[in-house]
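**Q** Before anything else, here's the structure in question.
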Amino acid sequence: MNTTEESKERNLSNHFFSVKNLTMDGMWVVLLFISGLFKIPSPIPGTEFQLSAPLAISIGRIRGFLHYLTIGIIASIIGMILGLQTIYNVIIAMVYRIVAGLILTVLKKDPLPLIIAGPAGTFAARLVLATILGVAWQPLVVSAAPGMIFTAITAPVLTSILKRVLKTIS
């Protein structure tokens, strides 16, 4: 690696761990964790839909993929430490985060990625859940449909509001 690349990498690392970024990410971790405690019930145990989904999409758009993934991992670790999440919850959440985050990263122009990232992440997560449980995926996806619709509608609105709030306080 040449010195220019090393310098760019060091600057990126320093920026990622700046006091402002650590503070903002800590705030997002708490908000994501708390909002994940509230769920839309489902008739199938373990398939309830977390109300944190629209917030997660907003965080992914506002903070970028690497921050979003870090925030989600820390929120999941807190949930596991407190005994509120199992490894299955974390696996499903990670599938959601990776799929949604990649959509937000690849598709830059809003609002389309904000609308499709949540439902696509949920769909992928339900496919993985079906594989883990050894059940058909269709009932899992159908039971998640209300949450997917909720996320598709609210994520663009929430993102717009949070962008304005962050612009005002910055």
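The values are calculated or read from the model by the stated rules, or taken from the named source; none is laboratory data. Just so we're clear, the structure is a prediction, and the values are computed from it rather than from any experiment. Counting neighbours? That spans all protein chains shown, and the Cβs are built from the backbone with ideal geometry, glycine included. Note: areas computed on protein heavy atoms with side chains; ligands, DNA, RNA excluded. Shrake-Rupley method; radii C 1.70, N 1.55, O 1.52, S 1.80 Å.
**Q** So if I check each of Thr122, Thr151, which one is closer than 20 Å to Tyr68 by Cα, among the polar types (S, T, N, Q) and in contact with a Pro (Cβ under 9 Å, 6 or more places away or on another chain)?
**A** The match here is Thr151.
**Q** Working only within region 135-162, note down all residues that are closer than 26 Å to Asp110 by Cα and among the β-branched types (Val, Ile, Thr). Quick ask: steps written out before the conclusion?
**A** From region 135-162, those closer than 26 Å to Asp110 by Cα are 141, 144-162; that's our starting set.
Result: Val141, Ile149, Thr151, Ile153, Thr154, Val157, Thr159, Ile161.
**Q** Restricting region 51-65 to residues that are open to solvent by 30 Å² or more (accessible area, probe 1.4 Å) and in contact with a Phe, Trp or Tyr (Cβ under 7 Å, 6 or more places away or on another chain), which is farthest from Leu37 (Cα to Cα)? Talk me through it step by step, then tell me what you get.
**A** Taking region 51-65 first, the residues open to solvent by 30 Å² or more (accessible area, probe 1.4 Å) are 51, 61-63, 65.
After this cut, where a residue has to be in contact with a Phe, Trp or Tyr (Cβ under 7 Å, 6 or more places away or on another chain) as well, the list is 51, 63.
Values: Leu51: 8, Arg63: 22 Å.
Looking at residues that are open to solvent by 30 Å² or more (accessible area, probe 1.4 Å) and in contact with a Phe, Trp or Tyr (Cβ under 7 Å, 6 or more places away or on another chain), I get Arg63.
**Q** Filter region 158-170 down to residues that are surrounded by 13 or more Cβ atoms within 10 Å (Cβ to Cβ) and in contact (Cβ under 8 Å) with a residue 24 or more places away in the chain, then give me how many there are.
**A** 4
**Q** I'd like to check something: does region 67-90 contain any residue that is surrounded by 21 or more Cβ atoms within 10 Å (Cβ to Cβ), closer than 15 Å to Ala125 by Cα and in contact with a Leu (Cβ under 6 Å, 6 or more places away or on another chain)?
**A** No, region 67-90 contains no residue that is surrounded by 21 or more Cβ atoms within 10 Å (Cβ to Cβ), closer than 15 Å to Ala125 by Cα and in contact with a Leu (Cβ under 6 Å, 6 or more places away or on another chain).
**Q** A further question on this structure: Only one of these conditions is not met by Ser143: (1) open to solvent by less than 40 Å² (accessible area, probe 1.4 Å); (2) of a type in the set (S, T, N, Q); (3) without any contact (Cβ under 8 Å) to a residue 60 or more places away in the chain. Which number is it?
**A** (3)
**Q** Determine whether Ala152 is without any contact (Cβ under 8 Å) to a residue 12 or more places away in the chain and small (Gly, Ala, Ser).
**A** So Ala152 fails the test.
**Q** With region 67-170 as the region, which helices (runs of 4 or more DSSP H) entirely inside it contain at least 3 residues that are farther than 21 Å from Phe33 by Cα, in contact with a helix residue (DSSP H, G or I) (Cβ under 7 Å, 6 or more places away or on another chain) and at pLDDT below 95? So that I can check it myself, show each step before the final result.
**A** Working: elements: 87-106, 112-133, 137-169.
So the answer is none; nothing clears 3.
**Q** Check region 109-120 and report whether any residue there is buried (at least 22 other Cβ atoms within 10 Å of the Cβ) and among the β-branched types (Val, Ile, Thr).
**A** There is no residue in region 109-120 that is buried (at least 22 other Cβ atoms within 10 Å of the Cβ) and among the β-branched types (Val, Ile, Thr).
**Q** When you check Ser52 against the structure, is it modelled with pLDDT under 95, within 9 Å of the chain's Cα centre (by Cα) and not basic (Lys, Arg), yes or no? Give the steps one after another, and end with the answer.
**A** Values: modelled with pLDDT under 95: yes; within 9 Å of the chain's Cα centre (by Cα): yes; not basic (Lys, Arg): yes.
Yes; evaluated as a whole, the condition is true for this residue.
**Q** Does Val106 fit the bill of being under 16 Å from the mean Cα position of the chain (by Cα) and free of Cβ contacts under 8 Å to residues at least 12 places away in the same chain?
**A** So Val106 passes the test.
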